[in-house]
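**Q** Got a structure here, written out as structure tokens. Questions coming.
The values are calculated or read from the model by the stated rules, or taken from the named source; none is laboratory data. All values derive from a computational prediction rather than experimental measurement. Reconstructed Cβ throughout: ideal geometry from the backbone, glycine too, with neighbour counts over all protein chains shown. Areas reflect the complete protein model, heavy atoms only, side chains present, ligands, DNA and RNA absent. Shrake-Rupley method; radii C 1.70, N 1.55, O 1.52, S 1.80 Å.
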Amino acid sequence: MITSEQITAAIQKHKKELPRLQKLHKYYNGQHDILNRVLEDPLKPNNKIVTGYPSLIINTLVGFFASKPLSYLSMSNNEKFLLDLKRIFYLNDEEDINAEIVKDFSIYGKTYELYWIDENDGSVRFAEYSPIEMYVEKDKRDNVKFAIRYWDEEKDDKTKVTYVEAYDHEGIYYRISNDGGIFLPDPNEPDREHFFGETPVNIYRNNKEEIGDFESYIPMIDALDKLLSDNSNEIESWVNAYLVLAGHNGTSSEDILKLRQDGVLLVEDIKQAAFLTKSVNTEFQQQFFETLDTLIHDQSGTPKLTSEKFSSNLSGEALGFKLFSLETKATTKERKMEKALRKRIKFICTILNKQGAEYDPSDIHFNFVRNLPQDEAKVTDQITKMVNIVDRKTLLSWHPKITDVDLVLKRLAEENDTVQLDNVKRTDTKLDAVE
């Protein structure tokens, strides 16, 4: 059982992590530091332009890696096992949760999945929580020791009450604390057992270091935000530039106002009037912008899909080379996600086996499909050439348009049965005619 001291310590650790996580959340949503910039002179232009690199990087990676649904294969062709999994996945909106998992661990470097049993029908349920919403304590072997979710509510008497849901290998605990004091059992929510045999929380990691995909490039993103904002300030400053009238010391405020209204200035010498402006090296600024832009795209593995390099007549091999960095990052995500997905299947099998099944979690394999334009005719030709070398189930999983291999195999079997039955009927008819 989790003690009040452990909960207090966990909340303190989590609050130390929150500033970093909240900054990543803000940057993904376009709330960059440039928006908080304050100039000493409030009369000067202070434009604040935000670039969309964080969301571009995340959305490109998620779209490439997770926009196509994940498919599951049973190595022993256990259709009942797959049907039970599909039922559970349907109840939990598994495709949407998978997409949110990839998005969140790409932003924060990690995210969590919580499992519980539905009290109404005994089904396994699961939901995803970002590291902003949940804290996980791990042991020295990197196993989940316990996890907590907590939130504050203000009562009518203005007192603050902290509610906690805590999970360990034994059960689920509900605790409350008034004004940050000792955490006591919630009288309205009794503790209960979860039956998973271990802490029912799964960790999905983006990489070993648990770093988000745009986190390392925030300084460059800030530099671009500042560059574009300052350029906008320069343009506005030029529009509001001071007019210098040489030799016109007697010019009054009324004269200047009339000058602005009429838009006409009469002077004897053209050199007697000029705008006071600052020269700007636009070529250098453009080169600086392009350098930072290229660095962000190249180092984050996010290609410029709208550039001329991605013309429509690229061959599959040429496109593969241009997407090599993106594919490398997606492969890392795939390895890390597959490790967590195996644990998800293990959690589900633990409950299904307690309910009478005899499923082996290692029987399930995962098929990740990239969202990449493919030459379907070429893929089909390769599949055809591999017939009698590779099993039909594996061959079908290679095709980009086939997402449910087991359903296709089932329909093929039904068609074959129908054809054989028709042949038998035709044979019987011929025999009757001979007789």
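**Q** Pairs of Cα atoms under 8 Å, at least six residues apart: use those to get the relative contact order of the stretch 150-224, whole percent.
**A** In percent, rounded to a whole number, it is 21.
**Q** Report, in whole Å, the centroid distance computed from the Cα atoms of the stretch 326-387 and the stretch 92-122.
**A** Spelled out, the Cα-based centre of one part sits 17 Å from the other.
**Q** Okay, moving on. In terms of the Cα gyration tensor, with a ≥ b ≥ c the square roots of its eigenvalues, is the stretch 1-87 rounded because a/c is under 1.5, prolate because a/b exceeds b/c, or oblate?
**A** In terms of gyration-tensor shape, oblate.
**Q** Here's something else I'd like to know. Probe 1.4 Å, all protein chains in place: accessible area of Glu290 in Å², nearest 10?
**A** 90
**Q** Rounded to whole Å and ordered largest first, report the semi-axes of the equivalent ellipsoid of the stretch 111-241 derived from its Cα gyration tensor (root of 5λ).
**A** Working through the eigenvalues yields semi-axes of 43, 23, 14 Å.
**Q** Roughly how compact is the stretch 50-153, stated as its Cα Rg over 2.2 N^0.38 Å to two decimals?
**A** Dividing the Cα Rg of the stretch 50-153 by 2.2 N^0.38 Å gives 1.30.
**Q** If one computes P(r) from the Cα atoms of the stretch 126-194, what percent of pairs lie at distances over 21 Å?
**A** Everything past 21 Å amounts to 31 percent.
**Q** A further question follows. Pop out the ³J(HN,Hα) list for the stretch 13-28 in order, Karplus 6.51 cos²θ - 1.76 cosθ + 1.60 with θ = phi - 60°, rounded to Hz; leave Gly and Pro as x.
**A** Listing the rounded values in order: 5, 5, 5, 6, 7, 4, x, 5, 5, 5, 5, 4, 4, 5, 5, 4 Hz.
**Q** Moving on to the next point. Can you check what the net charge comes to around Ser74, using other residues whose Cβ is under 12 Å from the Cβ of Ser74 (Lys, Arg +1; Asp, Glu -1)?
**A** Summing Lys/Arg as +1 and Asp/Glu as -1 gives -2.
**Q** Still on this structure: Out of every Cα pair in the stretch 176-240, what percent are spaced more than 18 Å from each other?
**A** Above the 18 Å cut-off, the stretch 176-240 has 73 percent of its Cα pairs.
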